[in-house]
Amino acid sequence: MNNKRLAVVTGASRGIGNAVAVRLAREGYNIVTMGISSEADAEKGLKKIKDEGAAVAYVRGNLADKTARRSVVDESMRLGGIDLLVNNASMAPRVRADILEMSAESLEEVLSVNLTGTFLLTQTVANIMAARVKEGRGGIPSIINISSISSDTVSLNRAEYCLSKAGISMATQLFAVRLAEFGIPVFEIRPGIISTDMIAPVKQKYEKLIEGGLVPFKRMGLPEDVANAVWALASGRFTYSTGLVINVDGGLNIKRL
């Protein structure tokens with residue numbers, strides 16, 4: 001590619017991941033990403049990243065698949081190594097069902113992508129980053145996990161998603177402690193109600209709730225709001241922080257009477 005820093009951003013062809021990759025590209029990163037869409041279907045989002053001057057490599061595959069995860073890592077190493085890992089890719093349940101009716105198949109599918117796949121990719125990358133630091137090669141890399149307000153906010157009709165994001169919150173703390181000896185920071189961003197394809201089926205419901213005062217900022221979040229937070233953490237300015245959780249939710253997490 002070139003001498004730019006390299007970020008792996010999973011799920012960067014659309015939504016939050018695309019906004020994150022575009023922002024990182026604007027700040028001088030090249031991007032490696034993965035997703036389940038064909039390259040042709042992903043091209044619109046990938047073009048936005050390229051338009052910021054970044055070189056982009058796309059790996060088609062499911063995060064739950066070991067071979068796909070390995071391909072992302074191998075491609076990144078071929079292009080110079082991983083300076084930043086942004087774990088963004090996730091899926092919602094295919095069918096929103098009450099927790100008493102949720103199927104085992106749905107639980108397994110969501111956890112395999114959102115939690116297991118993300119954890120195992122992070123484990124592989126963390127080992128590579130730690131080895132790099134020990135060998136004194138390059139600067140200090142970092143890891144940013146995109147979880148969700150659902151990590152500690154109950155949604156009875158998508159328990160699978162809540163469980164997966166709660167797991168990511170704990171994974172953030174685990175990796176933050178384990179990698180601290182290498183000076184590698186691990187952060188978590190918890191988006192609230194963000195205007196993406198994932199919430200399209202219930203967007204009108206959320207808009208009414210926001211109008212009624214659910215969110216202090218009285219608006220739905222944008223993918224760019226999350227991207228701004230990612231860049232703030234990736235910029236290297238949080239020099240004595242790790243395990244930090246940033247809420248990007250317009251104040252939704254604040255306890256109010």
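Each value in this text was obtained by applying a stated rule to the coordinates, not by laboratory testing. Here the structure is a predicted model, which is why all the values come from computation and not from measurement. Because the Cβ atoms are built from the backbone with ideal geometry, glycine has one as well, and the counts that use them run over all protein chains shown.
Post the alpha-carbon centroid distance, segment 135-152 to segment 18-52, in whole angstrom.
19 Å
Tell me the mean residue ellipticity at 222 nm calculated for the chain from its helices only (DSSP H runs of n ≥ 4, each -39500 (n - 2.57), averaged over every residue, nearest 500).
-13000 deg cm²/dmol
Which FRET efficiency value, to the nearest 0.05, do you get for Ser241 and Gln123 by plugging their Cβ-Cβ distance into 1/(1 + (r/R0)^6) with R0 = 22 Å?
So, using R0 = 22 Å, E works out to roughly 0.50.
Report the far tail of the P(r) of segment 167-241, meaning the percent of Cα-Cα pairs longer than 18 Å.
55 percent
Just to check I understand the Karplus step: with θ = phi - 60° and J = 6.51 cos²θ - 1.76 cosθ + 1.60, what whole-Hz values come out for segment 115-123, glycine and proline as x?
Values, residue by residue: 10, 4, x, 5, 4, 5, 5, 4, 4 Hz.
Of all trypsin sites (Lys or Arg not before Pro) in segment 91-160, which ones are in loop regions per DSSP and have a Cβ with at most 10 other Cβ atoms within 10 Å?
Answer in residue order: Arg137.
Would you mind working out the magnitude of the charge dipole of the chain relative to its Cα centre, with +1 at each Lys and Arg C-beta and -1 at each Asp and Glu C-beta, to the nearest 20 Debye?
520 debye
Which value in nm describes the separation of the simple spin-label points at Trp231 and Leu100, placed 7 Å from the Cα toward the beta carbon?
Placing both labels 7 Å beyond Cα along the Cβ direction yields 4.8 nm.
Whole-Hz Karplus ³J(HN,Hα) for segment 51-67, in order, using 6.51 cos²θ - 1.76 cosθ + 1.60 and θ = phi - 60°, x for Gly and Pro?
5, 8, x, 8, 7, 10, 10, 10, 10, 8, x, 8, 4, 6, 8, 4, 5
Exposure proxy check: Ser71, Ser13, Ser38, Ser151 ranked by fewest other beta carbons within 10 Å?
Ser38, Ser71, Ser151, Ser13
Excluding residues on the same chain fewer than 8 positions from Lys134, give the lysines whose Cα lies under 24 Å from its Cα.
By straight Cα distance, Lys134 reaches Lys4.
Whose amide H sits under 5 Å from the amide H of Asp249, counting only residues 5 or more places off or on another chain, with H placed in the peptide plane?
Amide H neighbours of Asp249: Gly192.
Assuming R0 = 41 Å, what is the FRET efficiency of Ala40 and Thr116, from their Cβ-Cβ distance, to the nearest 0.05?
Efficiency, rounded to the nearest 0.05: 0.90.
Short version: ³J(HN,Hα) in whole Hz for each residue of segment 238-248, in order, from phi by Karplus 6.51 cos²θ - 1.76 cosθ + 1.60 (θ = phi - 60°), x for Gly and Pro, what are they?
Going residue by residue, I get 8, 6, 10, 10, 7, x, 5, 10, 10, 8, 10 Hz, with x marking Gly and Pro.
Using the reciprocal of the averaged 1/r over all distinct C-alpha pairs, how large is the Kirkwood radius of the chain in Å?
Hydrodynamic radius (Kirkwood, Cα pairs) of the chain is 18.5 Å.
Apply the a/c threshold of 1.5 to the C-alpha gyration tensor of segment 14-75 and tell me whether it is rounded, prolate or oblate.
Note, shape of segment 14-75 comes out prolate.
Angle, helix 39-50 long axis vs. longest principal axis of the chain, Cα atoms, 0 to 90°, nearest 10?
70 degrees
Could you state the angle between the C-alpha long axis of helix 159-179 and the longest principal axis of the C-alpha atoms of the chain, as a value from 0 to 90 degrees rounded to the nearest 10?
30 degrees
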